[in-house]
Structures are given as structure tokens and as C-alpha cells.
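Chemist: I have a structure here, written as C-alpha cells, and I will follow up with some questions on it.
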Amino acid sequence: AGAPRQDFIRQIVRDDLASGKHAAIRTRFPPEPNGYLHIGHAKAICLDFGVAEEFGGLCNLRFDDTNPAKEDPAFVQAIQDDVRWLGFDWAELRHASDYFEVYALAAEKLIRQGDAFVCDLTPEQIREYRGTLTEPGRESPFRGRSVEENLDLFRRMRAGEFPDGARTLRARIDMASGNINLRDPALYRIKHMPHPIAGAGWCIYPMYDFAHALGDAIEGITHSLCTLEFEDHRPLYDWCVDRVDLAHSPELLAPLAARGLPNVAAKPRQIEFSRLNINYTVMSKRKLVALVGEGLVDGWDDPRMYTLQGLRRRGYTPAALRLFVDRVGISKQNSVIDFSVLEGALRDDLDAHAPRRMAVVDPLKLVLANLPDGHTETLAFANHPKDDTLGTREVPFSRELWIEREDFAEVPPKGWKRLVPGGEVRLRGAGIARVDEVVKDEDGTIVELRGWLDPESRPGMEGANRKIKGTIHWVSAAHAREAEIRLYDRLFSAADPDDEADGKTYRDHLNPDSKRSVRGFVEPAAAAAAPEQTFQFERLGYFVADRHDHRPEAPVFNRSVSLRDTWAA
Ligand code: ATP
Ligand code: MG
Ligand code: MG
């Protein structure tokens, strides 16, 4: 483990523990189950779970399932898988819908206190009455209803007597507040739609600010970490927590006790941090949904997607994503992270941990004519140049090899260090070779190279120490396995795909070369990989055996990232 992470949130937690404000901390990660998690969520997950872990506290996973229209239980499972894959586990798995009964009791308490009222304005009127940043809002004509009338109307809302949108329950705060969120915000709306978990018994649903604040209080969350766009909601968050005051209203928690859900009411503190933004990506769920829906990518886990499922299939490791989040850090400063920081974290992780293999993506045959027909031998290769603990493997070598077509040039450009007619090159781990003859078909396309392997240059021999400019990789043609190799690149070629200048949309910024599939050859030890095993294919980049499609008898590899950043401006 490296040095302890330092940021303003961890400092607050440290201070709160030192001062005795909290004996133990509790955080939560509150996704809405309306889509798959993306790289932005990884930042929130690493923070929510990471802070709890580092300070000996606990973190809950809470599904914010207060909008039945947008939720799909399939996402609930996928989100759990993603959190576990990143290497975290939750103290308790909760749903906001577990608290529906508590929310309704809390709403009645607010009504009895004169803190909430049932409003009959239409959604359009509510918007109109709300005012603007420079203009105060106007009070609803229903604001003065008696407690009895409000209680009666709220119960009838709940009983299903009124159609969608006919009434809302609103907080009674301050229509003149400089913070629009405090201008009598809605707490409940009517929606006649069964809930996937809570069932058909509900036709009123709590609004996010109310449900979220109370959910935190119910679970005894001490530090409620969220993104900066909620900063203006904090006064409302505090208002909900204070006015409902669960800590002194144990009767509101009775429905949970009856269901066996342990709970601790605390006074949670909301703390905001800046969202993760990365150039060359889109991160809003709406746009990710559209990419899938319009067939612009091959599904939610397309290796070009910035969903955690997509990144995983691309070959991103949990360690690389956690390293990335650490490097980005936590602050209140909005910024756009360069995509190379994400790729750099993956390279650094894989450079340290991925075994090396040889593969050829654009094969050209090289026949070493001085070796006897059918000559075959087995060479021992280290799996990693810097880490002996990764061991060695056997690499078959023979008279006929596949090399990269682009490692040979009949007319070499200046500074060329690879094969040329009559020139020498080192074959990685096998000796020094020379090309004597270039075989072409009738169109002039090179179909084969014939050459010579210096018998005095085999590994371990004195002659192997001769100075040679270039080293190329190869695979033995007789032993190689044909493989599908998917050469992925960034999905967008514009730094800001959200840029809608000149009537463009992110669709116009797609990189036309983001996916290319080729047939290549890999050494046997690569073909034998398990799905999701990552490798460095020497000189080509980092690759992963496809999670779904790879089989040893029909290998499929995805390029995770090239060896070097070729996008640098
Ligand atoms: P989107 O806008 O993409 O739909 P969201 O914020 O609505 O995302 P939620 O499921 O509500 O998605 O998010 C769960 C948690 O993840 C929230 O606490 C949210 O603040 C956090 N989160 C979402 N996107 C990012 C991001 N880009 N950077 C950091 N945290 C994020
Ligand atoms: Mg959200
Ligand atoms: Mg959202």
C-alpha cells in the first residue's frame, strides 16, 4: 500500500473521528438502477467505499429506486457485480423503497408541524410560480390549507383517489429564498405505476431530495458524499433531516423494525466533490443509452464503451481503475481529465503485471531456408522482463515463421531498423536472421520472404552478442493459432464529443476507426488463455482474451491499449 490518500474529504473524516464527533463512520453509494455504471461512478465508488475502508467504517450500497418509470431490476444485479468487480463490498444492501413507509410517516409529521402542504397547482403552474434567480417566487394559493385538510388530502393521494400530476405534497419553506431549491419544493408526486419491489400498493413516490436525505439519516450515514451539482440542494437536505428529526422520532422507524431492517438514525453531513469528466468520452447515461439503442456500438459492454462493463471487456483491470481514480484525486474543482491519464493507468498496471506473449496481427511468412525441413525446437521465454515470479513458458520455434508485414521494407525509409533485403534483424529470443529473397505474386504483392538464420547467433551463443539494430517478434507458423484480434481505439475522435456547435451531436464525433477486426496468429501459450486474461503482445500493445467470445480453440483478443500514447497533441 502506498502513502495514505489525502484530500479535503478524508481530512474532514479524520477530524470528525479525532474530535469524537463520530465514533465510527458510515458512507453509502446510492446509484439509480436506470442504467449500467460508468467510469464516473468508479470515482464515487472508490471514494464512498474507499473512505469507509480506510477509516475502519462501513459503506452501504443503496439503490435509489424512487422512480419506478425508469428502473429495471436487471441493472440492480449488474451494479452489484460491478461494485464487487472493482474490489468493494457493502455492509448492507438497501433500497430507497425499503423506506417508503417511513417516508410517508415523515411526510405526515411534516404536515402536522405545518412544514408541508398539499398543492393543487399543475406542474406548469408550479414552474411559473417558482420565480427565477433574480425574481422571488409566488406562494401557492393552497399554502394556507389546514393541517387536517392536508393530512386528509395526502392520505387520499396515497389511496389513489387522484390522477397523476393532479396534486403534490410540497415542503413549506420560503418562496422568496435566494436558493430556488427552497421555494416550497415538491416532496411527493402522484404516479399510478406499480413499483418493481414495493409492489402495486404505491401510487405516490417521494422526490429525490427528500428520499435521499432521509435514507441517509435512517442508515446512520455520517458522511454523505455526492457530486457538486447537489451543493445547492444541501440546504434542502439539511432541512429534511432537521425537520423530520428521525433521531428523536423513533416511532417513524417502527415500520423498519417490523421488517427486521436494523437502523441507526444519525445526523448525516452532505459533502460535495467534483464529478469526473474525461475528454474523448461521453458519460451521461442518456447518451450511453443512445449509443446502444442506435446501434453505434455493439451493446452495453462493447469494449469501446465507458461503462464499467465495457471497460472490463476492453481489458481494464480493477487495479488500473483504482489507480486512475487515485491519480485524479478528490477536490471541489471541476476539470476535464485527459484520456491519456486513464490509458496511462492501465499501461502502468499491465506493464507491471501482464505476462508477455508474441502475436502477429498482419502476417507475412519468413522461411529460414538454411534450417532443415520440418525443423522444430522449443525455447524458454521469461513471462515478464522485470518480474521472475511470473515464471517462464515454452515457445515453439521452427523453420517457417509469421512476422509482421510492416517489419519488412523493400525500400526502407530513413532510420529503418527492421528487415530489408540482405539486411539482418534479431528474432526475439531465437537468433539473428537475414532476408535473401522476396517472393511476390503476379500483382507484385510480397507473399513470402526466404532467408537465413545465423547458426552462431542462437540464444546463449557468443555470436548472439553481435550488435544488431532491430529486434522483431514472430510466431512459429506450424504451431501458431489463428486468432481474431480486435483492434480497438477511442470511440470519439473529438476531445469534446458533447460539443454541439454547428448543429453537430456526439454522433458526428465518432471515430470511424474505433474498431477493426483482423485475423492474426498467436503463440500457443496465448491461445490457452482463460477469458479476461491480460497480456502484453510484444511490440503491439496490451490485449485481453475476450470475456465472452474467447476460446482456446478459437482465440479472440481485444486490444486494451497501445504500448505508447499515439494521441498526444
Ligand atoms: P448520470 O448523470 O450519468 O445518469 P447519475 O449521477 O444520475 O449519473 P446515479 O446512479 O444517480 O447516476 O449515481 C450514483 C452516484 O454516482 C451519485 O452519488 C453520483 O453523484 C455519482 N456519480 C455519477 N456520475 C459521476 C461522475 N461523473 N463522477 C463522479 N461521481 C459520479
Ligand atoms: Mg442520480
Ligand atoms: Mg441520472
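Chemist: Right, residue 91: within 16 Å of ligand 3 (Cβ to nearest atom), assigned to a loop (DSSP other than H, G, I, E, B), over 19 Å from residue 309 (Cα atoms) and out of contact with any helix residue (DSSP H, G or I) (no Cβ under 7 Å at 6 or more places or on another chain) or not?
Modeler: No: the conditions fail for residue 91.
Chemist: So which residues in the range 5-38 are in a loop (DSSP other than H, G, I, E, B) and away from ligand 2 (no atom under 14 Å from the Cβ), if there are any at all?
Modeler: Passing the criteria: 5, 6, 7, 19, 20, 21, 22, 23, 24, 25.
Chemist: Which one of the conditions (1) in contact with a Ser or Thr (Cβ under 9 Å, 6 or more places away or on another chain); (2) touching a residue at least 24 places away in the same chain (Cβ under 8 Å) does residue 125 fail to meet, given that it meets all the rest?
Modeler: (2)
Chemist: Just name the residue that is surrounded by the fewest Cβ atoms within 10 Å (Cβ to Cβ) out of those in the range 31-51 that are within 7 Å of ligand 1 (Cβ to nearest atom) and under 25 Å from residue 264 (Cβ atoms).
Modeler: Only one residue fits best here, namely 32.
Chemist: Just one of 76, 102 is out of contact with any strand residue (DSSP E or B) (no Cβ under 8 Å at 6 or more places or on another chain) and under 30 Å from residue 25 (Cα atoms); which is it?
Modeler: 102
Chemist: Next question, about the same structure. Does residue 77 satisfy the criteria of being open to solvent by 30 Å² or more (accessible area, probe 1.4 Å), without any contact (Cβ under 8 Å) to a residue 24 or more places away in the chain and either closer than 23 Å to residue 50 by Cβ or of a type outside the set (Phe, Trp, Tyr) (or both)?
Modeler: So residue 77 fits the description; yes.
Chemist: For the range 292-305, which residues satisfy the criterion of being open to solvent by less than 10 Å² (accessible area, probe 1.4 Å) and either in contact (Cβ under 8 Å) with a residue 60 or more places away in the chain or among the small types (Gly, Ala, Ser) (or both)?
Modeler: 297, 303, 305
Chemist: Give me a count of the residues in the range 296-340 that are aliphatic (A, V, I, L, M) and farther than 23 Å from residue 50 by Cβ.
Modeler: The number of residues fulfilling the criteria is 3.
Chemist: Going residue by residue through the range 368-383, is there one that turns out to be outside any strand (DSSP E or B), of a type in the set (A, V, I, L, M, F, W, C) and within 22 Å of residue 478 (Cβ to Cβ)?
Modeler: yes
Chemist: Quick one: is residue 41 within 16 Å of ligand 2 (Cβ to nearest atom) and either of a type outside the set (Ser, Thr, Tyr) or within 20 Å of residue 326 (Cα to Cα) (or both)?
Modeler: yes
Chemist: Can I ask one more? For the range 452-496, name all the residues that are touching a helix residue (DSSP H, G or I) at 6+ places or on another chain (Cβ under 7 Å) and either closer than 30 Å to residue 287 by Cα or polar (S, T, N, Q) (or both).
Modeler: Once the filter is applied, which keeps residues that are touching a helix residue (DSSP H, G or I) at 6+ places or on another chain (Cβ under 7 Å) and either closer than 30 Å to residue 287 by Cα or polar (S, T, N, Q) (or both), the range 452-496 yields 457, 488, 490, 492, 493, 494.
Chemist: Could you check residue 276 against (1) within 16 Å of ligand 3 (Cβ to nearest atom); (2) out of contact with any Lys or Arg (no Cβ under 9 Å at 6 or more places or on another chain) and say which number it fails?
Modeler: Among (1) within 16 Å of ligand 3 (Cβ to nearest atom); (2) out of contact with any Lys or Arg (no Cβ under 9 Å at 6 or more places or on another chain), the lone unmet condition for residue 276 is (2).
Chemist: Then there's this: Name every residue in the range 463-482 that is under 22 Å from residue 423 (Cβ atoms) and open to solvent by 20 Å² or more (accessible area, probe 1.4 Å), in order of residue number.
Modeler: Those that are under 22 Å from residue 423 (Cβ atoms) and open to solvent by 20 Å² or more (accessible area, probe 1.4 Å): 463, 465, 466, 467, 468, 469, 471, 477.
Chemist: For the range 307-357: of the residues being more than 30 Å from residue 523 (Cβ to Cβ) and open to solvent by less than 20 Å² (accessible area, probe 1.4 Å), which is farthest from the chain's Cα centre (by Cα)?
Modeler: Restricting to residues being more than 30 Å from residue 523 (Cβ to Cβ) and open to solvent by less than 20 Å² (accessible area, probe 1.4 Å), the top hit is 339.
Chemist: Which members of the range 25-41 meet the condition of being under 8 Å from the mean Cα position of the chain (by Cα) and within 11 Å of residue 61 (Cβ to Cβ)?
Modeler: none
Chemist: Continuing with the same structure: Being modelled with pLDDT under 95 and away from ligand 3 (no atom under 16 Å from the Cβ) is the filter; apply it to the range 52-74 and report the residue that is most open to solvent (accessible area, probe 1.4 Å).
Modeler: 73
Chemist: Can I ask one more? I'd like to know if the range 259-282 contains one or more residues that are within 23 Å of residue 86 (Cα to Cα) and open to solvent by 50 Å² or more (accessible area, probe 1.4 Å).
Modeler: Yes, there is a match, as at least one residue in the range 259-282 is within 23 Å of residue 86 (Cα to Cα) and open to solvent by 50 Å² or more (accessible area, probe 1.4 Å).
Chemist: Being in a loop (DSSP other than H, G, I, E, B), of a type in the set (D, E, K, R) and over 21 Å from residue 517 (Cβ atoms) is the filter here; which residues of the range 336-367 pass it?
Modeler: Across the range 336-367, the qualifying residue is only 338.
Chemist: Sticking with this one: Which one of these does residue 181 not meet: (1) touching a helix residue (DSSP H, G or I) at 6+ places or on another chain (Cβ under 7 Å); (2) within 16 Å of ligand 2 (Cβ to nearest atom); (3) open to solvent by 50 Å² or more (accessible area, probe 1.4 Å)?
Modeler: Among (1) touching a helix residue (DSSP H, G or I) at 6+ places or on another chain (Cβ under 7 Å); (2) within 16 Å of ligand 2 (Cβ to nearest atom); (3) open to solvent by 50 Å² or more (accessible area, probe 1.4 Å), the lone unmet condition for residue 181 is (3).
Chemist: Quick one: in the range 503-557, which of the residues that are more than 29 Å from residue 476 (Cβ to Cβ) and over 24 Å from the mean Cα position of the chain (by Cα) is least open to solvent (accessible area, probe 1.4 Å)?
Modeler: 503
Chemist: Which residue, of 5, 28, is away from ligand 1 (no atom under 12 Å from the Cβ), in contact with a Gly (Cβ under 9 Å, 6 or more places away or on another chain) and more than 22 Å from residue 189 (Cβ to Cβ)?
Modeler: Of the residues listed, the single one that is away from ligand 1 (no atom under 12 Å from the Cβ), in contact with a Gly (Cβ under 9 Å, 6 or more places away or on another chain) and more than 22 Å from residue 189 (Cβ to Cβ) is 5.
Chemist: What about residue 164, is it open to solvent by 10 Å² or more (accessible area, probe 1.4 Å), under 30 Å from residue 53 (Cα atoms) and in contact with a His (Cβ under 8 Å, 6 or more places away or on another chain)?
Modeler: So residue 164 does not fit the description; no.
The values are calculated or read from the model by the stated rules, or taken from the named source; none is laboratory data. Small disclaimer: the values here were computed from a predicted structure and weren't measured. FYI the Cβ positions are ideal-geometry reconstructions off the backbone, even for glycines, and counts take in every protein chain you see. Surface accessibility is based on the protein's heavy atoms, side chains included, excluding ligands, DNA and RNA. Shrake-Rupley method; radii C 1.70, N 1.55, O 1.52, S 1.80 Å.
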